[in-house]
Amino acid sequence: MAVLSSLPSLLEMDLIQTFVAICEEGNFSRAAERVHRTPSAVSLQVKKLEALLGRCLFDRETRSVRLTGDGEVLLSYARRLLAVNDEALTRFRQPDLEGVVRLGAPNDSGVLALPPILRRFAATHPHVRVDVRLDTGRELYRRQSEGELDVIVFSMEAMKTSTLSPVHVEDLVWVGLKGGRAIHQRPLPLALADPGCAWRSMALTALDAVGIPHRVAYASEMCRGQAAAVEADLAIAPLPASAVEPPLIRLGAAEGLPPLGRFNIYLTIRSGAGDAAEALADHVTARFHDLADRGQRLFA
């Protein structure tokens, strides 16, 4: 106990910054350039960090930089520490922004993802009002194109060929009631959102490709509503993998269903929306990346 109490109790941010740089650059030399230190100084920083934690962070037996299990765990913490550090610096170094930002998000992912985003944004930009609209991806995209929304988070099948990089990616799976009979009916009863929903498009395209007859038995813009229809054994539904919980189960090849693939969530900012919109977009992106770093999914 006496030995433990003598150890430093704070992680130095420059050590954390160097550690993340090595992980992202995949090379000590490139990481050294990024943090403006010599490669030998970077090596010393890694040794200091490993001594502080009492754990080996990198596999020295490989020629390339490879994280150990402890290193992978630390990377998640390190990115979150740097994010909080940047958030704090931004809050106090930048002049207070004012005005209104109009944010649009999908009905379901918006309800689940927005509360922590809005909380953090309010802490860093207390004088900016955020007007939120929840709608379908197609409607959000149209409204932003017409100048009615500044920042939108959306998922549209048509955007798969876009040059945009997704802020979140997740498996879309077939979901049914455990022991249910809906899966055996023909035409296959489906619980879907309205046209324009990426999940609906992916499901119908997949069924058409393998010739499975189907019908829309239940419609709801909220995936919780679709899940309710599945739980009542009225239909099966295409839902995010993280939305599956008892008594619902994943369905697939064993039931003769085609795979659905993965769906992407994108973020776009209206041209000329302003600094407040850019700041809010940074918070949205950070939130989704934080979920990924923690190994969590959107509906977990």
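Quick notes
- The set of residues from the stretch 9-26 being without any contact (Cβ under 8 Å) to a residue 60 or more places away in the chain and surrounded by fewer than 15 Cβ atoms within 10 Å (Cβ to Cβ) comprises Ser9, Leu10, Glu12, Asp14, Glu24, Gly26.
- Within the stretch 173-194, the presence of a residue that is closer than 17 Å to Phe288 by Cβ and within 18 Å of the chain's Cα centre (by Cα) is excluded.
- Close pairs from the stretch 111-138: first over 28 Å from Ser220 (Cα atoms), partner of a type in the set (Asp, Glu) and assigned to a helix (DSSP H, G or I), Cβ under 8 Å, at least 6 apart: Arg120/Glu87; Thr124/Glu87
- Qualifying positions in the stretch 271-291 - within 22 Å of the chain's Cα centre (by Cα) and open to solvent by 70 Å² or more (accessible area, probe 1.4 Å): Glu278, Asp282, His289
- Members of the stretch 38-72 that are in contact with a helix residue (DSSP H, G or I) (Cβ under 7 Å, 6 or more places away or on another chain) and assigned to a loop (DSSP other than H, G, I, E, B): Thr38, Arg55, Cys56, Leu57, Val65
- Exactly one residue among Trp174, Trp199 is at pLDDT below 90 and either within 29 Å of Ile249 (Cβ to Cβ) or open to solvent by less than 20 Å² (accessible area, probe 1.4 Å) (or both), and that residue is Trp199.
- Complete set of residues in the stretch 133-151 that are surrounded by 15 or more Cβ atoms within 10 Å (Cβ to Cβ), more than 17 Å from Gly274 (Cβ to Cβ) and not basic (Lys, Arg): Leu134, Asp135, Thr136, Gly137, Glu139, Leu140, Tyr141
- In the stretch 264-279, the residue that is modelled with the highest pLDDT out of those that are touching a Lys or Arg at 6+ places or on another chain (Cβ under 9 Å) and more than 16 Å from Val128 (Cα to Cα) is Arg270.
- Note on the stretch 73-85: residues that are open to solvent by 50 Å² or more (accessible area, probe 1.4 Å) and touching a helix residue (DSSP H, G or I) at 6+ places or on another chain (Cβ under 9 Å) total 5.
- Exactly one residue among Leu251, Leu234, Leu257 is of a type outside the set (Gly, Ala, Ser) and open to solvent by 40 Å² or more (accessible area, probe 1.4 Å), and that residue is Leu234.
- If the condition is being within 15 Å of Leu248 (Cβ to Cβ) and in a helix (DSSP H, G or I), then the stretch 202-232 contributes Cys223, Arg224, Gly225, Gln226, Ala227, Ala228, Ala229, Val230, Glu231.
The values are calculated or read from the model by the stated rules, or taken from the named source; none is laboratory data. Just so you know, these numbers come straight off a predicted model, no measurement behind them. Counting neighbours? That spans all protein chains shown, and the Cβs are built from the backbone with ideal geometry, glycine included. Accessible surface areas use protein heavy atoms only, side chains included; no ligands, DNA or RNA. Shrake-Rupley method; radii C 1.70, N 1.55, O 1.52, S 1.80 Å.
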